[in-house]
Structure formats: C-alpha cells, structure tokens
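Just so it is clear, none of the values below were taken in a lab; they were calculated from the coordinates. It should be emphasised that the depicted structure is a prediction, and the values quoted were computed from it without experimental measurement. Here the Cβ is made from the backbone with ideal geometry for all residues, glycine too, and neighbour counts use every protein chain on show.
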Amino acid sequence: MKNSLKICLSVLAIAGAVAFVHAQGDQTPIKISRPANTFGMPPIPVSLEGFTGEVLDALKFDLYVQGFSIVSAADAQYNITSSGAGVGGRVMDRYGKKELLARSYSGSGRAAAHAFANDIVEAITGKPGISLNRGSTARIAFKVQPAGYGPGEVYISDFDGRNAQAATSDKAIVASPAWVSGKLALCYNSYALDHNPYIFYHDLDTGKRKVIARYGGSSISPSVSPDGTKIAMVLSKGGLPNIYVANIDGTNVRQLTTDDEDSSPCWSPDSMYIYFATKVNERRTLARVSIAGGDIQRISTAGAPNPSEPDVSPDGKWIAFTSQSGSYFNICVVPIDGGNPQVITSGEDPSWAPNSRTVVFAKRSAGERYTLSVLDVFTKQAKDIARISGSDSEPAWAK
C-alpha cells in the first residue's frame with residue numbers, strides 16, 4: 001500500500017521600513033517607522049553583495065516572497081554583504097547608519113541560506129521569517145499528477161520546491177493533503193482502498209498510516225485544527241456533502257452543517273471555528289460554524305463571485321480564497337469577518353505561511369496543468385517553484 005518514508009522536517013507580517021529625515025543640522029536623528037501591512041505596499045529595497053550559486057538563489061527567493069526587492073547597493077535601504085567564508089554575512093541599515101545583523105552559519109548551501117534569510121527578515125522587520133519551521137526548513141505538501149490528470153501521489157518539499165520526496169506510492173487518485181499541527185504527519189484523501197475516497201492519517205516519521213474516515217459516499221477534504229486535536233472534513237454519509245468534525249484519530253464524529261454543497265473546511269487559529277464554502281439560496285458563499293454546532297454565519301465577499309477554498313491566516317486577520325468568474329480563477333483576500341475583497345493574482349487554492357503574509361497557491365499553465373507559486377500578498381510579488389511532474393496542485397503549508 002505504501003513504502004516506508006523517513007522525512008525530517010527540519011507570513012509573518014513584514015513591515016515596510018520608511019525613513020524620515022528631518023533637516024535640522026548634523027545632529028538630526030533618523031526615525032524609522034514600520035507601518036502596518038497594506039495592499040499594494042512597495043517592497044523593501046535590499047542589496048546582496050558577495051553571494052553566489054545556490055546561496056544567492058535561495059536568498060533571492062526567500063526575500064522576494066517576503067516583500068523585499070533586490071536592487072543595487074546604491075539604491076538599497078539595507079546592504080547585505082557576504083562574510084566571504086561559508087554562509088553568513090552582515091546587514092547594514094544605510095539610513096540608520098548601523099549594523100543590524102552579523103552572523104555565520106554552520107553547514108553550506110540552501111539550508112544555511114534559508115536560516116540566514118530568516119534572520120535577515122527578523123533583523124529588518126522585527127518579525128520572524130518563514131524559512132524555518134520547528135528548527136528545519138519550512139515545508140509544503142501538495143498533489144502531483146504525472147500525466148497531468150488522474151492518478152497521482154502526495155509529495156513534500158521545501159517551500160521553494162527543493163528536496164521533494166513522495167509521501168505516497170499508491171498509484172491512485174489522491175487529494176487534499178493537510179498537515180497535522182505539531183507532528184511530522186499528514187492527513188489526505190486516497191482512493192487506494194476499494195477505489196473509494198477515504199481519509200488517511202500518515203505518520204511521516206515512521207511511514208505508518210491508517211484510515212480515519214471511511215463512510216458510505218464521500219469522505220473528503222480533511223483539515224486539521226491548529227491545536228492538532230481535531231479534524232474537519234466533508235462527509236456525504238447523510239446524503240449531502242456536509243461539514244463534520246472528529247477527534248484526530250477519527251473518533252467522536254459530529255455533523256455541524258446541513259446545507260447543500262459544503263466544501264473546503266479550514267480552521268480559525270484558536271481551533272474554535274470552522275470556515276468553509278457553501279451554498280445559501282443557490283448562491284456560493286463563505287461561512288463559518290462553531291465546533292460546538294449552531295447556526296452558520298455568512299462571510300461577505302461582495303465583488304468576488306463564487307468564493308471557495310478558504311484558508312484563514314495564522315494571525316486570524318485574513319481569509320484567502322479562490323474566486324471564480326467563468327473560466328477565470330483569482331486569489332482574493334478579505335478581512336476575517338468579511339468585507340471588500342482584494343484580488344491578489346490569478347490562481348487557485350491558497351495556503352497561508354506562518355507569517356500571515358505569504359501564501360503558496362496553484363496556477364493553471366499550458367494544457368490545463370498546474371504549477372505551484374509562492375506569493376507575497378501585500379506587494380503581490382510571486383515566484384514559481386520547480387514543477388515535480390505533470391501537474392502540481394492543492395498545496396498546504398506546514399505550520
């Protein structure tokens with residue numbers, strides 16, 4: 001049914017720094033302010049000097065998708081220079097005329113460069129970077145279909161697409177990988193048993209897995225609570241596809257909704273609410289429901305039709321979702337309680353990074369296949385990651 005797998009998994013609000021110089025003589029202080037994130041904000045200009053090869057490549061990728069632009073030393077607000085030996089260097093604030101960071105890192109290559117990028121982001125913005133998760137390079141999980149459609153496997157890679165490994169070897173339809181918070185484990189759909197969509201719990205450290213949802217009809221779209229104790233899912237065992245919640249081992253299953261066509265559950269950061277897409281009066285909408293049950297609360301996304309695939313930011317401020325108009329799909333972001341959505345880019349199925357600023361999403365490419373891309377929401381800067389094979393979609397960022 002599978003091969004044993006050993007995987008060691010080794011958006012932060014980046015604030016733009018704006019310098020205000022008050023011309024009052026040689027003793028004039030320089031004040032650096034860090035305004036709140038705003039849509040369309042300019043990237044922070046930095047220079048990279050003395051870096052080469054995969055270290056330079058990793059630094060460029062990491063900083064770009066966290067709201068920085070790479071410019072010349074003369075045009076940069078912050079100069080980042082290599083120490084010349086191994087991986088490391090220093091960060092100088094040209095306006096404040098002070099050193100913000102000086103550090104070297106054991107090891108070499110991309111892993112050390114990710115660690116350096118993490119510290120650069122924190123030194124400049126005061127917020128943690130996205131490059132590390134529980135001491136190792138941050139990871140994403142996603143679906144890979146070698147033929148571009150049909151059977152596929154669940155894969156795991158670094159968030160920039162490097163060091164990819166297959167988590168399954170089912171040669172069956174797979175879907176909806178979701179990380180189990182605080183553990184090296186995934187939940188996902190696979191048709192490997194009986195050619196039906198069951199939900200599996202997969203321990204990536206031991207390679208062991210088990211079915212935790214196997215009912216008549218569909219058992220799909222698993223989503224694990226941030227506290228790691230519960231799982232939300234869509235079951236049609238009652239006739240309609242509705243939202244259910246259970247313990248992480250699949251026990252104590254409870255139905256939360258009774259509407260038609262519920263889909264794509266995700267969690268609030270406090271693990272007390274489930275957000276999802278549904279139909280109300282024949283119109284697609286986003287909604288939420290308490291894990292204790294009760295009435296659903298609609299979430300307005302006026303101007304963004306046919307919302308689906310919501311994901312709540314880890315800081316609880318935003319919902320990223322997919323909006324469909326005809327054959328066009330856009331990634332949109334709306335405040336947690338609804339409002340006027342911002343169209344960020346074309347694409348589908350967004351998943352927030354821990355910084356509540358960066359997302360990974362799928363975008364259609366030639367031949368209706370998908371490529372994964374990492375996006376900074378507030379500057380709209382995006383970078384594609386390397387395609388594994390055929391079509392790569394349904395990404396989930398480990399948190």
Neighbour-count ranking for Ile70, Ile231, Ile344 (other C-beta within 10 angstrom, fewest to most) reads Ile70, Ile344, Ile231
Toy charge model, Lys and Arg Cβ at +1, Asp and Glu Cβ at -1: the chain dipole around Cα centroid in debye, rounded to 20, equals 360
Can you tally the net charge around Lys279? Count Lys and Arg as +1, Asp and Glu as -1, for every other residue whose Cβ sits under 13 Å from the Cβ of Lys279. -2
Taking a virtual spin label 7 Å from the Cα of Ala166 along the C-beta vector, which residues in the range 174-212 bring their backbone nitrogen under 13 Å of it? 174
Given axes a ≥ b ≥ c from the Cα gyration tensor, I'd like to know whether the range 240-310 is rounded (a/c under 1.5), prolate (a/b larger than b/c) or oblate. prolate
Below 13 angstrom from the Cβ of Leu59, what's the summed charge of the other residues (Lys, Arg +1; Asp, Glu -1)? -3
If I take R0 = 22 Å and measure r between the Cβ atoms of Ala147 and Ser346 in this structure, what FRET efficiency does the formula 1/(1 + (r/R0)^6) give, to the nearest 0.05? 0.40
For Lys317 and Lys98 in the same chain, what is the full-extension length gain: residue separation times 0.36 nm, less their Cα-Cα distance, in nm? 75.5 nm
Rounded, prolate or oblate for the range 284-369? Axes are the square roots of the Cα gyration tensor eigenvalues, ordered a ≥ b ≥ c, and the cut-off for rounded is a/c under 1.5. prolate
Report relative contact order for the range 207-274 in percent, whole number only (criteria: Cα-Cα under 8 Å, sequence separation at least 6). 29
Return the calculated 222 nm mean residue ellipticity for the chain, to the nearest 500 deg cm²/dmol, obtained by summing -39500 (n - 2.57) across DSSP H runs with n ≥ 4 and dividing by the residue count. -2500 deg cm²/dmol
With label points built 7 Å along Cα→Cβ from the Cα atoms of Ala292 and Phe39, find their separation and express it in nm. 3.4
Cβ-derived FRET efficiency at R0 25 Å, Leu193 paired with Asn252, nearest 0.05: 0.65
Label points 7 Å out from Cα along the Cβ direction at Gln324 and Asp75: separation in nm? 4.1
Would you mind getting me the FRET efficiency between Ser106 and Asp205? Use the beta-carbon distance for r and R0 = 30 Å, nearest 0.05. 0.80
Please compare each pair in Lys127/Lys183; Lys208/Lys380; Lys143/Lys183; Lys279/Lys383; Lys60/Lys127; Lys171/Lys279 to a cut-off of 30 Å on the Cα-Cα distance and tell me which ones are over it. Lys208/Lys380; Lys279/Lys383; Lys171/Lys279
By the C-alpha gyration tensor axes a ≥ b ≥ c (rounded if a/c is under 1.5, else prolate when a/b exceeds b/c, else oblate), the shape of the range 149-252 is oblate
